[in-house]
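Notes to accompany the following structure.
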Amino acid sequence: MDLRFRDAEPSDEERAAVDALLGPPATAWEGGLRTDEDLRVAAAAESRRDLLLPALHAVNDRVGWISEGALDYICRRLTVPPAEAYGVATFYSLFSVTPRPARVLHVCTDLVCQAKGAAGLCASLEERLGPPGSSWQHSPCLGLCERAPAALALQAGDPPSSAVHGPVTGPDLVAAELAATPETGPADVSETPGSAEPPAEAAVPQAGDPGLVLLRRIGVVDPGDLDDYRANGGYAALRRAFEIGPAAIIREVLDSGLVGRGGAAFPTGRKWEATARQPDHPHYLVCNADESEPGTFKDRVIMEGDPFALVEAMTIAGYATGCHKGYLYIRGEYPRAIRRLTHAIETARSRGLLGADVMGQGYAFDIELRRGAGAYICGEETAIFNSIEGQRGEPRSKPPFPVEKGLFGKPTVVNNVETLVNVLPILLGGAPAYAAIGTGSSTGTKLFCLSGNVRRPGIYELPFGATLRDLLTLAGGVPEGRTLRAVLLGGAAGAFVRPDELDIPLTFEGTRAAGTTLGSGVVLVLDDGADLVKILLRIAEFFRDESCGQCVPCRVGTVRQEEALIRLSKRPDSGDLALLREVGRAMRDASICGLGQTAWNAVESAIDRLGVFSPASPSTFPSTEAK
Amino acid sequence: MTIPLRPPRRLVDITVDGEEVRVAEGTTILDACGDSGPCSGKKDIPTLCYGDTLTPKNACRVCMVEVEGSRTLVPACSRRVEQGMVISTDSERVRHSRKLVLELLGSSTDLSTTPRAEEWMERYGADPARFGPDAATVEQPPKVDNDLYVRDYGKCIMCYKCVDACGEQWQNTFAIAVAGRGFDSHISTEFDAPLTDSACVYCGNCVEVCPTGALSFKTEFDMRAAGTWDESRQTQTTTICAYCGVGCNVTLHVQDNEIVKVTSPHDNPVTHGNLCIKGRFGFQHVQNVPTGQKD
């Protein structure tokens, strides 16, 4: 490829950061110094486009932003046109192509944190540090919902570091930021007493309960210790998998009735079977850990508390579907989960549980961890392929489906973290025992992310079939003296339910029959103090921010939806309500992917089920402050 | 030399707006409904991001049709027919979606030079003004940074065609790409550098495929600004480019005896609508008449 560059040169630090990832350049063809030897051979470098995102991370981690010199150097090293690399770098919200401080504080202003006082945090920060945009900025959901309101500080350097605050008050956050010292070193793979960030099990109120299945090891095993994991039943499922072979594993998963836990609820066994059957090779496994649905933090807790379980489950999935390579795509806002999984993968590899000969069974499988960079859309099952391949994280048009043409155009199975770890109990206890839990069409147990105005927020594990009331009771209900106003099920792409609908069974079929959705398991509880209109505005802002911009209904529709909601928040207008419905319907009908198709769900349910903006309910206009 | 015959394509039965027809497997719905398709009566499905020389990107969503059994509408330009497919090209749902897409585009983008936009707006009853005077737009000054063509991104609907034509589908120059995200996404060189500093080779193949006039010849841009651009007074003459031996067909658009624009026939087997800087923009010498000899 014939590339043209401008005259920008990388700084020594930027060059070192890229070389640390890619190694020193072999020839002048890929960014090295020109030698006489280079003039004799015309060795056109092969494009290594899929390393673009890791290389951008390398520079952003070291310097805090990506300069033109750094971008050009990356492009020379990987043989990628600079215009395209610029398009990729500007796609992700964690990257900056303009100078900014090395330390940036990301303050979550999303649904849960907003309900818990994020506005106060922002006001304090603005007073002391100035307006958002440079040293601190607003962020979509950070997945720290049980600790809301929360913030994440990312500090560039060698090595980069991070710090998590939550729950935190405005003055405390300002004080912590002004004192800013890198808090978490790279060695944070085990729980260390006295560490600034609470251990993973702090998010699991049921921790230690013997009835738990998916969460049973959280708080019990040391997440940094493979031997501890094995002593607690780890790698027994993989051993069983090798005993029964790929076809029998798929049969077990089919019989178990397991369906995907990421939100779409597609039968996992059918996906595996379809991938395994594809004649085209290689096959790829992608674990979707880009958990970004506002209010969702279950995958983070699993990855932080029981990382080896995910490594084992991915190995089983890879074996069953004929993959030799698995990609684990974790959102960039989860530094601790990334550290722990990196450690778990390295440990498993050094102990022969990953690599050329897994467990001495002659099966080769390895996992590559890829880090997202701030884009909700990359959790879409085809956008995740583009992101891994080094393209902009835009969803692809289906068909063809991933099982036929997925990552690198090859048959690919994509599963959510929670879906994968369900495979362990299925193999250990057998499909019939697993299918006996839950209801006929929703089998097994489900993780629910309780947040908002509840006494004990956190991740709860319940068999399918429990009602919303059971779950709220378990979490202690709303705080003393408060009454329940609404529950948002399924996150920003989900739907609201009323306090008189708490007997909805929490199953895929039950929620569907009630006109709502389980989605990724978000249960955001709002009491009578919550400002529903503000919540709706935040949902609209979220979709407008996170739309990739590829298709018109979503790119412009999400903007028009937000504009109409802002107008409605100031004065009721039946014309704007009608407009919302029409735009919402077009987004649902004509958008390429699930983001646009669901961007109107929550707003619609708030209007229809909660009566927000209805003239009969004046209480829905509690705040009339001018914007 | 023998050209191997392609294996015969199976025919599939589909129903379009109640009419049962047979088309070759692998045909897109758009082709099946188009002029050369088997359907009686022209369906005239509107398209914007579809290009006859490009792989469909299906980003504009104006060609959506209803397929029985599908949860959402499907893009006619890229969805291929399947046995038993039942398609509605003009149902209420389809018309609603097209109306809204045109309204969303019309309210955010300047469609004044988009061929047929006005006709479609009228056909579907689209009223872009109903989003109010404060609706966000992509309005911005045109980028005039070279003498050959102008980028007026206030007219850009983000169809991706220029990026595809510049990149791997035709020119392999990769001077431009989509940058940013969501409503802020835009076509850009690296770090928004001027074209003259970019990898651009001025083949103008992006101008050739632009469906809205966001990309135009500098001559056309200047004449529009002066109010002298008048397509009814223009003639089009297709000839062969005289610069080299490839034999590209060039179509000269002439107004008042001056070449004002050069295109190439999309069905020309040599060019598929593409030219190089010489064929596209190197026409001035034709009209350099010595002073005094001009009429």
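The values are calculated or read from the model by the stated rules, or taken from the named source; none is laboratory data. Quantities reported herein were computed from a predicted structural model and do not represent experimental measurements. Heads up, the Cβs are rebuilt from the backbone with ideal geometry, glycines too, and the neighbour counts pull from every protein chain shown.
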query: Within the bounds of the range B:208-220, is there any residue that is away from chain A (no Cβ under 14 Å) and more than 16 Å from B:Tyr153 (Cα to Cα)?
result: yes
- line: Filtering the range A:450-477 down to residues that are assigned to a loop (DSSP other than H, G, I, E, B), surrounded by fewer than 17 Cβ atoms within 10 Å (Cβ to Cβ) and at negative phi yields A:Arg455, A:Arg456
statement: Checked A:Asp545, A:Asp503, A:Asp531 against criteria (within 14 Å of chain B (Cβ to nearest Cβ) and either surrounded by 24 or more Cβ atoms within 10 Å (Cβ to Cβ) or touching a residue at least 24 places away in the same chain (Cβ under 8 Å) (or both)); the one match is A:Asp545
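Let's see how each residue does on (1) closer than 21 Å to A:Cys551 by Cα; (2) within 14 Å of another protein chain (Cβ to nearest Cβ):
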| site | (1), (2) |
| --- | --- |
| B:Met121 | yes, no |
| B:Tyr124 | yes, yes |
| B:Asp134 | no, yes |
| B:Glu139 | yes, yes |
| B:Leu148 | no, no |
| B:Asp152 | yes, no |
| B:Met158 | yes, yes |
query: Can you tell me how many residues in the range B:35-57 are more than 19 Å from B:Ser91 (Cβ to Cβ) and either free of Cβ contacts under 8 Å to residues at least 24 places away in the same chain or part of a strand (DSSP E or B) (or both)?
result: 3
message: Looking only at the range A:240-285, filter to residues that are polar (S, T, N, Q) and outside any loop (DSSP other than H, G, I, E, B); which one of those is farthest from A:Leu369 (Cα to Cα)?
response: A:Ser256
message: I'd like the residue in the range A:392-407 that is at the interface with chain B (Cβ under 10 Å from one of its Cβ atoms) and either touching a residue at least 60 places away in the same chain (Cβ under 8 Å) or surrounded by 23 or more Cβ atoms within 10 Å (Cβ to Cβ) (or both) and, out of all such residues, is farthest from the chain's Cα centre (by Cα).
response: A:Ser397
message: Could you check the range B:29-78 and list, in sequence order, the residues that are under 22 Å from B:Cys162 (Cα atoms) and of a type in the set (S, T, N, Q)?
response: B:Thr47, B:Thr53, B:Thr55, B:Asn58, B:Ser78
- prompt: Looking only at the range A:145-183, which residues are small (Gly, Ala, Ser) and more than 25 Å from the chain's Cα centre (by Cα)?
  reply: A:Gly170, A:Ala175, A:Ala176, A:Ala179, A:Ala180
- prompt: Within the range A:46-63, how many residues are small (Gly, Ala, Ser) and within 14 Å of chain B (Cβ to nearest Cβ)?
  reply: 1
task: Sort out which residues of the range B:125-142 are crowded, with 19+ Cβ neighbours inside 10 Å and not small (Gly, Ala, Ser), and write them in order of number.
output: B:Phe131, B:Val138
message: With the requirement that a residue be surrounded by fewer than 17 Cβ atoms within 10 Å (Cβ to Cβ) and either within 11 Å of chain A (Cβ to nearest Cβ) or not in a loop (DSSP other than H, G, I, E, B) (or both), what does the range B:105-119 give you?
response: B:Glu118, B:Glu119
message: Test of understanding: among A:Arg261, A:Arg300, which residue is touching a strand residue (DSSP E or B) at 6+ places or on another chain (Cβ under 8 Å), touching a residue at least 40 places away in the same chain (Cβ under 8 Å), buried (at least 22 other Cβ atoms within 10 Å of the Cβ) and basic (Lys, Arg)?
response: A:Arg261
- request: For the range A:86-139, enumerate the residues that are among the hydrophobic types (A, V, I, L, M, F, W, C), under 20 Å from the mean Cα position of the chain (by Cα) and under 30 Å from A:Arg456 (Cβ atoms).
  value: A:Leu105, A:Val107, A:Cys108, A:Leu111, A:Val112, A:Cys113
- request: Determine, yes or no, whether B:Glu168 is at pLDDT below 95 and either in a loop (DSSP other than H, G, I, E, B) or out of contact with any strand residue (DSSP E or B) (no Cβ under 8 Å at 6 or more places or on another chain) (or both).
  value: yes
query: Hey, any hits in the range A:16-27 for a residue that's in contact with a Ser or Thr (Cβ under 7 Å, 6 or more places away or on another chain), surrounded by 15 or more Cβ atoms within 10 Å (Cβ to Cβ) and either in the same structural domain as A:Glu389 (by TED's automatic domain parsing) or among the hydroxyl-bearing types (Ser, Thr, Tyr) (or both)?
result: no
message: Take B:Val207 and tell me if it is touching a strand residue (DSSP E or B) at 6+ places or on another chain (Cβ under 7 Å), β-branched (Val, Ile, Thr) and touching a residue at least 40 places away in the same chain (Cβ under 8 Å).
response: yes
